[in-house]
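The values are calculated or read from the model by the stated rules, or taken from the named source; none is laboratory data. In this text, all values refer to a predicted model and were calculated from it rather than measured experimentally. All Cβ positions, glycine included, derive from the backbone under ideal geometry; neighbour counts span all protein chains shown. Heads up: the accessible areas ignore ligands, DNA and RNA and are worked out on the full protein's heavy atoms, side chains in. Shrake-Rupley method; radii C 1.70, N 1.55, O 1.52, S 1.80 Å.
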Amino acid sequence: MKLLSNTGLLKYQGFLQRPFTAAKRAFVKDTDGATTVEFVILITPFLAFLYMLLSMGYLYLNATMLEDGTQTAGRQIRIGAVANSNMQISDFKKLICNSVGISQESCLSDIKIDVTSSPDISTLDTGDDDDDATEIFEPGDPSDYVIVKAKLPMATVNNFFKLFGSSSETTFTISSVLVFRNEPYE
């Protein structure tokens, strides 16, 4: 038996130090389940981030498709196809909704269209009004300036925002604005 002096205290080397170091070594070497615990800790924020990334990608994809649909439908106004065929607002909405990645019925019921025209570009209203109840469809005459505004409210793909205390369903409004001058069609 060996007695050691450690800062004025006498300790028995075999009795006080071995049980603690042996237990410590056994705990450190025992890695059963450690990978599973690390995986669970790391996968949760990763999946939340991935899910939010996919839902934002879905909104961005639909915004891009709405922009494309507005460009396509606006071209029909610009070349005079709308004026020559006496197209109504419901037909114009169908032109835009053909390009959007949501159901046709949902798009047609939710989309708000504002098409105004004027011979002078300075008289066009380029502001974003909050009154979505009235829709205007005035495609104009040859050589008129036209502004086409399309707004489409979209619900989020997930209910992730409810985790942060949002009581109502979160919706985003994607929009597209197009300004051009009509061709001098006949």
- Item | Residues located in the stretch 96-109, provided they are open to solvent by 50 Å² or more (accessible area, probe 1.4 Å) and either in contact with an Asp or Glu (Cβ under 8 Å, 6 or more places away or on another chain) or closer than 14 Å to Met65 by Cβ (or both) | Asn98, Ser103, Gln104
- Residues of the stretch 70-87 being in contact (Cβ under 8 Å) with a residue 24 or more places away in the chain, of a type in the set (Gly, Ala, Ser) and not in a helix (DSSP H, G or I), in sequence order, are Gly80
- Within the stretch 35-65, restricting to residues that are among the aliphatic types (A, V, I, L, M) and open to solvent by less than 40 Å² (accessible area, probe 1.4 Å), the one that is nearest to the chain's Cα centre (by Cα) is Leu59
- Query: Among the residues of the stretch 66-95 satisfying the criterion of being open to solvent by less than 30 Å² (accessible area, probe 1.4 Å) and in contact with a Ser or Thr (Cβ under 8 Å, 6 or more places away or on another chain), which is nearest to Glu186 (Cα to Cα)?
  - Reply: Thr70
- Whichever residue in the stretch 88-140 is assigned to a loop (DSSP other than H, G, I, E, B) and touching a Phe, Trp or Tyr at 6+ places or on another chain (Cβ under 9 Å) and, among such residues, is modelled with the lowest pLDDT: Gly101
